[in-house]
1. For the range 218-487, list log₁₀ I(q)/I(0) at each q in 0.13, 0.14 Å⁻¹, using the Debye formula over Cα point scatterers of equal strength and ignoring solvent, two decimals each.
2. Sorting check: for 324-337, 451-464, which peptide has the highest mean count of neighbouring beta carbons within 10 Å, and how do the rest follow?
3. Any chance you could run the full-extension gain for residue 242 through residue 319? It's 0.36 nm times the residue separation minus the Cα-Cα distance, nm to one decimal.
4. Can you pull the Kirkwood radius for the range 79-131, inverse mean 1/r over Cα pairs, to one decimal in Å?
5. Given that compact globular proteins tend to follow 2.2 N^0.38 Å, what is the ratio of the alpha-carbon Rg of the range 236-302 to that value?
6. Any idea how far apart residue 370 and residue 6 come out in nm if each label point goes 7 Å out from Cα toward Cβ?
7. Which shape class applies to the range 430-481: rounded if a/c is under 1.5, otherwise prolate when a/b exceeds b/c and oblate if not, where a ≥ b ≥ c are the square roots of the Cα gyration tensor eigenvalues?
8. Going highest first, how would you order 143-153, 284-294, 387-397 by mean Cβ packing within 10 Å?
Ligand code: HEC
């Protein structure tokens, strides 16, 4: 490959200048190196002592000051190549949605070597200046310093300090390889560079290997379908959401219930601190308002083994007294969740819901009253409930999910008349929903089928409205949830 002291006999050099007699194209393919760069290589080879020294053993390591340094070249800088693998993983996760090959934005998937050659059209600066992270426009776009346009990733939270550090140390390592080519310091790969994997600067979660993988919350949405998840918005972020539940699929009205009118909820949520959100929402069902707060002190996305916290809310239902009893109600839920293998989200919820029976016509035949027959009463009891939620994330970028949730009121049959329950005699099978979701940047969209037309906490807590989903040509409802997030 390299004949020490004799560039013209070195195949490496022949490949670079495209000399006669090489197999295949000259390297790098397409655009060849600048004359000065070729000369650097030539001088380096010429300057080598012919086969002396303690056997530089086929020295592939320090060789090849190919400017794209990284690009997985066998002769490239091993450290830069290792870091590039991690940077690619990070970019696949956070940037590829908009920076794919063939798109109009700079390509950030696959080989990243071109970034050392290409310049930003907007800022006229090189994306990567090997060895100099501070002059690399790619880094500027991540920190927001001296940039044209938006900070990256666009529409998403900025990268964590540890992730930016990874990009910086990759660029720094690229410089070590081209520096090595200048002749000096050939045999010194490791010095400088304190925080090896770039993880050093980060908040030190236990996953010591796949550093960029950290930071994925167990669930993408702040609610699964009805159940709150341990996902919070993050400090100074807004979320607007719209939830819809259509009419019964098997209804006479047709169109799978879409013509039958919908239960709708509009909500605003705000992240006061990381892990602490407040929300207000309004639904047309019983003209209900819900004012809630979610506090998740332990978060897997911040390096813990799981996420744990709670949700509490008060509700006010202001429809007519003739159809809405117990206008004030409240809810407490504990949430415990974990994301497994980055693909499988699970959550367990235990909740207590106060005054869940909103029917204004509760009649009961009191056992110690033989005279009057059934009398009107108000049922002020609460409901204990256990919920499970789960999502499996699909696709390379884990943006598509299969979602499921189930909420079981316990004990199921204690109500005189279960709030909102269409079938007085059936035993309550709880509330279920199954569907699919897609998460793109700051949008989250879900469609599903469910036996529960209610959306707000105190209204779904007593269980679903329909039982056997296969009776009546489709005894369930279509629904969708849509949310959009903004960071201030
Ligand atoms: C939601 C889409 C989206 C995501 C996600 C995204 N970008 Fe961008 N990026 C853009 C758009 C659009 C532009 C051009 C406008 C601008 O610069 O603000 C851009 C521009 C850039 C530029 C400057 C290009 C130039 O020619 O000046 C860099 C560098 C960049 N992005 C890096 C990244 C990195 C790194 C990530 C992931 C951490 C990322 N982007 C994630 C949409 C996105």
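1. -0.83, -0.96
2. Numbers: 324-337: 19.1, 451-464: 26.5.
Packing proxy ranking, top to bottom: 451-464, 324-337.
3. Values: separation 77, 0.36 × 77 = 27.72 nm, distance 2.08 nm.
Full extension of this stretch gives 25.6 nm more.
4. Details: mean 1/r = 0.0857 Å⁻¹.
Its Kirkwood hydrodynamic radius stands at 11.7 Å.
5. Values: Rg = 16.4 Å, N = 67, 2.2 N^0.38 = 10.9 Å.
Ratio of Rg to 2.2 N^0.38 Å for the range 236-302: 1.51.
6. Each label point is offset 7 Å from its Cα along the Cβ direction, giving 12.2 nm.
7. Details: a/c = 3.39, a/b = 1.59, b/c = 2.14.
Judged from the Cα gyration tensor, the range 430-481 comes out oblate (a/c at least 1.5, b/c at or above a/b).
8. Values: 143-153: 14.2, 284-294: 19.3, 387-397: 17.7.
Peptide ranking by packing, descending: 284-294, 387-397, 143-153.
Every number here is computed from the coordinates shown, using simple stated rules; none is lab data. Just so it is clear, the structure is predicted and the values come from calculations on it, not from any experiment. Virtual Cβ from ideal backbone geometry, glycine too; neighbours counted across all protein chains shown.
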